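The next block holds one structure in the form of structure tokens; read it before the comments.
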Ligand SMILES: O=C(O)C1=C[C@@H](OP(=O)(O)O)[C@@H](O)[C@H](O)C1
Ligand SMILES: C=C(OP(=O)(O)O)C(=O)O
């Protein structure tokens with residue numbers, strides 16, 4: 001978090017006039033789309049990504065891969081060429097020999113800044129990485145040090161961070177490597193995703209304090225296996241904290257991207273805080289997405305949920321209970337959970353999330369400061385937040401170019417009149433058209449892709 005900028009662009013968060021009752025179609029998962037793009041780019045044959053997320057982070061990933069020579073054709077179709085279900089968007093990915101010189105803009109996308117340096121090491125020539133000012137502050141040393149140990153040449157002016165140039169040599173030796181990934185699970189995912197293409201594959205051993213976001217590592221492993229890779233994991237009988245990927249060709253897949261369950265959080269929260277009902281269609285029965293944990297977390301905070309053919313329906317009771325939760329594995333859910341906790345009738349303690357200080361912004365400092373400026377009582381602990389609900393009032397909620405701060409503020413605005421969200425457009429990092437979806441859920445915008453049921 002940096003100093004609060006002068007608010008230039010304020011979005012009046014709509015207040016709910018009653019219980020929300022809507023069906024909200026949430027766009028595709030950022031994490032699945034960006035893994036799908038990387039794996040398809042490294043495959044031995046073309047593949048499809050259907051219902052991909054089209055947002056800042058995923059367009060940056062696609063642009064970066066294109067810069068290294070990969071073909072990505074975007075189609076919107078109502079035939080078998082497009083979405084398998086008969087409508088929507090599909091991207092055809094045509095792998096090619098990876099080349100430099102190339103320039104990659106990572107924006108502030110953790111997936112782009114961490115997943116692509118290993119890909120660049122396989123390219124023929126230099127690939128320069130740069131991004132938003134915040135990207136310089138986000139940890140990258142795990143990827144840089146590991147790639148060097150595996151045989152890559154990287155020029156980072158000894159910063160261990162962006163900006164940097166990977167001098168790709170067309171191949172990478174690979175093999176065993178130790179990293180401390182306690183600041184980001186994406187270090188592990190990054191090395192595993194490109195691992196099949198390294199001469200010796202890769203064996204990643206995490207040394208250091210507990211690894212966050214394990215569901216995202218499971219997602220990496222499952223998607224690698226679905227593309228034909230052989231992966232040994234701690235869960236498949238291997239050593240704790242060791243993942244091994246054998247060298248192999250990757251298959252081109254035809255993959256339908258699940259809705260982004262973490263981005264479902266503000267909509268489910270709307271049902272919880274207004275005592276209403278929200279259905280998210282296409283909620284997967286089984287998934288590695290951390291957002292699936294919202295079913296248990298929000299149920300513990302009040303309300304209930306049901307998974308049917310229509311999707312996941314969450315129904316609130318109007319009563320919100322505080323929660324004591326370790327969010328280490330599902331850190332990206334924190335901002336919306338913190339907003340709900342600020343509206344609860346008892347105290348909450350959110351733990352295990354010190355690494356959020358190095359996310360899009362320092363999320364712990366930003367949430368505490370912004371909720372407190374609306375009259376709240378939030379304190380930072382060593383590894384999380386303690387939230388004591390207080391009557392809140394309106395005011396400007398600064399968002400520090402963090403999409404999840406903006407959606408959290410929208411949740412507060414449902415029951416707190418006069419919340420103004422700075423730069424709501426920052427939600428486009430992973431959730432394009434958020435204001436339209438939000439108004440649509442509340443029944444105030446015609447033509448939005450939400451369906452108020454009342
Ligand atoms: O691999 C991924 O797709 C992600 C992993 C997590 O990162 P960290 O482990 O850095 O928290 C998560 O917070 C991020 O939003 C997406
Ligand atoms: C931490 C997040 O993103 P990134 O992929 O940039 O790390 C997030 O989306 O909450």
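Every number here is computed from the coordinates shown, using simple stated rules; none is lab data. What you are looking at is a predicted structure, and each value in this text was computed from that prediction instead of being measured. Heads up, the Cβs are rebuilt from the backbone with ideal geometry, glycines too, and the neighbour counts pull from every protein chain shown.
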- Query: Tell me, what is the percent relative contact order of the stretch 30-256, built from C-alpha pairs under 8 Å that lie six or more residues apart?
  - Reply: 20
- Note on the structure: Whole-Å distance linking the alpha carbon centroid of the stretch 82-147 with that of the stretch 151-175 is 13
- D (Stokes-Einstein, µm²/s), Kirkwood Cα radius, the chain, 1.002 mPa s at 20 °C: 96
- Query: Under 13 Å from the 7 Å Cα→Cβ point of residue 393, by amide nitrogen: which residues of the stretch 413-434?
  - Reply: 417-419
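Counting DSSP beta bridges in the chain, what percent are antiparallel, to the nearest 5?
Numbers: 49 of 71 bridges.
Here the antiparallel bridges make up roughly 70 percent for the chain.
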- Compute the distance in nm between two label points, each set 7 Å from the Cα along the Cα-to-Cβ direction, one at residue 10 and one at residue 136. 3.1
- How high is the relative contact order of the chain, given as a whole-number percent (alpha carbon pairs under 8 Å, six or more residues apart)? 18
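By counting other Cβ atoms within 10 Å of each Cβ, how are 362, 326 ranked from fewest to most?
Numbers: 362 19, 326 13.
Listed from fewest to most nearby Cβ atoms, that is 326, 362.
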- Message: As I understand it, the value is the acute angle between the Cα axis of helix 265-274 and the longest principal axis of the Cα atoms of the chain; what does it come to in degrees, rounded to 10?
- Response: 10
- Round to the nearest 0.05 the FRET efficiency obtained for residue 382 and residue 239 when R0 = 25 Å and r is the Cβ-Cβ distance. 0.30
- Query: Using a Förster distance of 22 Å, how high is the FRET efficiency between residue 308 and residue 286, based on the Cβ-Cβ distance and rounded to 0.05?
  - Reply: 0.90
- Between helix 403-415 and the chain: long-axis angle, C-alpha atoms, 0 to 90°, nearest 10: 10
- Item | Range of Cα positions in the stretch 161-254 per principal axis (Å), largest first | 34, 34, 25
- Message: Tell me the mean residue ellipticity at 222 nm calculated for the chain from its helices only (DSSP H runs of n ≥ 4, each -39500 (n - 2.57), averaged over every residue, nearest 500).
- Response: -8000 deg cm²/dmol
- Shape parameters for the stretch 30-256, alpha-carbon atoms, Rg then Dmax in Å: 16.4, 51
- Message: Once each part is reduced to its C-alpha centroid, what is the distance from the stretch 26-42 to the stretch 274-301 in angstrom?
- Response: 21
- Compute the long axis of helix 363-373 from its Cα atoms, compare it with the longest principal axis of the Cα atoms of the chain, and write down the angle in degrees, 0 to 90, nearest 10. 20
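Please figure out what share of the DSSP beta bridges in the stretch 317-413 is antiparallel and state it in percent, rounded to the nearest 5. Let's see the in-between values first.
Values: 8 of 11 bridges.
Taking every DSSP beta bridge within the stretch 317-413, about 75 percent pair in antiparallel fashion.
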- Query: What distance in nm separates the simple spin-label points at residue 180 and residue 251, each placed 7 Å from Cα in the Cβ direction?
  - Reply: 4.0
